[in-house]
1. Which longest run of chain A has no exposed loop site in it, a site being trypsin sites (Lys or Arg not before Pro) in a DSSP loop with at most 10 other beta carbons within 10 Å, and the site itself not part of the run?
2. Sorted from largest down, give the three principal axis spans of the alpha carbons of the stretch A:1-127, whole angstrom values.
3. Under a point spin-label approximation (7 Å from Cα along Cα-to-Cβ), what is the B:Arg161-A:Glu68 distance to one decimal in nm?
4. State, as an integer percentage, the relative contact order of the stretch B:16-109 based on alpha-carbon contacts under 8 Å between residues 6 or more apart.
5. About its Cα centre, what dipole magnitude does the stretch A:78-123 give when the only charges are +1 on Lys and Arg Cβ and -1 on Asp and Glu Cβ, stated in debye to the nearest 20?
6. Once you order the gyration tensor axes a ≥ b ≥ c over the Cα atoms, which shape class does the stretch B:12-65 get: rounded for a/c under 1.5, otherwise prolate or oblate by comparing a/b with b/c?
7. Using a label point 7 Å beyond Cα on the Cα-Cβ vector, give me the inter-copy distances for A:Asp119 in nanometres, one decimal, shortest first.
8. Probe 1.4 Å, all protein chains in place: accessible area of A:Ile65 in Å², nearest 10?
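The values are calculated or read from the model by the stated rules, or taken from the named source; none is laboratory data. Keep in mind that this is a model prediction, so the values were computed, not measured. Virtual Cβ from ideal backbone geometry, glycine too; neighbours counted across all protein chains shown. Each accessible area value is taken on the protein alone, full model and side chains, heavy atoms only, with ligands, DNA and RNA left out. Shrake-Rupley method; radii C 1.70, N 1.55, O 1.52, S 1.80 Å.
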Protein chains: 2
Amino acid sequence: MTDTDAPRRRSDVTRASILDAARARFAADGYERATVRAIAQDAGIDPSMVMRYYGSKEGLFAAVIDVELVLPDLAAIPVDDVGAVLVGHFLDLWEHDSVLQTLLRVGVTNEAGAARMRDVFSGQILPLAQRFVGAGEDAARRAALVASQVLGMALVRYVLRFGPAADLTRADVVAWLGPTVQRYLTAPRP
Amino acid sequence: MTDTDAPRRRSDVTRASILDAARARFAADGYERATVRAIAQDAGIDPSMVMRYYGSKEGLFAAVIDVELVLPDLAAIPVDDVGAVLVGHFLDLWEHDSVLQTLLRVGVTNEAGAARMRDVFSGQILPLAQRFVGAGEDAARRAALVASQVLGMALVRYVLRFGPAADLTRADVVAWLGPTVQRYLTAPRP
DNA sequence: ACTGTATGCCAACACACGTTGACCTTCGCC
DNA sequence: GGCGAAGGTCAACGTGTGTTGGCATACAGT
């Protein structure tokens, strides 16, 4: 969605290196502390190039978070495994793609980031919840509960870096959080 | 720990109003966006007073987060109710005290905030987990799991403001999260 | 080969920030 | 009642920020 396959313009490699550097900086430092100058230096070009290609710092940030996050078709998964599989998929996402780290770090102080985060979870988790309880308030509640546990683990593990949370193996996380997510999605309303 | 009971100096009221304004700004905007100038304006004084009384912006922030967060004696609670009671206590804390919001907003991009957050949870949740499984790695893991769920709910409910999470009643949150926390603390290792 | 356009760098702007020091004003005390 | 200190204001400094316009260079089309 962000780029085409074959570079048509000579500058596409520069555009991409800016975007890469921006991804890393926003993910590591958040919106305010990630400066245009630092991003430009990482990309090996002049700060003014950032403005030329992305208009403004805000425009650059918009480009960074404008990516599709697609969870593999969860519709095909056995009902009893949904919790564990979902947790596993999100672990993959956090570890192999910086966009969620970016959204978490930025969304906490930046409304645009928060809004995008809401969109991502509405698009990914809500439909899943609706599979079990149908559309409606109850599905939204369950999706929010799942989001709270998944994002909370990401927070303590990848952002705040609580030692014990960071030390958990992937299997540990799935074994502990899987049942929680499973319950939020499928248990009868308390 | 932060202040005495009776104001001895004439300036104590000013000191306090600066601290109040700082609490609100840091909690709402995070460290970078909360400017000394804005805090001073909220407190109705000159920015230089902030420097006189707290030395620097960093010193002011240190004063803001230097508060004791005491959970009522959880040792006296029936073992089966620990999850629900703990969730309830944390809800109270989040809603009647801004320091946790501050720590969450700041800890995401500021190492001092993250460190303080780790300390708070080590001091509050770790001892609780040790009640059930004794000191050791397993207790730390369980405390981290509890932290992930409690902080995750705070994140989506008070910071990112996901609609469905913010709309949950207090009873809903306790009913859903209570069993999760209970399980993280007391269930046998998976 | 010439020309126009895309690509890039450089220097500078305007602004907001944290911080400082000089200057008033008000209070408490001998 | 004068005097020293505490409380408070004001204007300014230095720095880093996002952003802009002008200028050099490399490329592509004819």
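1. A:11-190
2. 53, 36, 20
3. With each label placed 7 Å out from Cα toward Cβ, I get 3.1 nm.
4. Value for the stretch B:16-109: 39 percent.
5. Numbers: 3 positive and 7 negative charges, 58 e Å.
The calculated dipole for the stretch A:78-123 is roughly 280 debye.
6. On the way: a/c = 1.41, a/b = 1.28, b/c = 1.10.
It is rounded, given that a/c, with a ≥ b ≥ c, falls under 1.5.
7. 4.0
8. The accessible area of A:Ile65 comes to roughly 10 Å².
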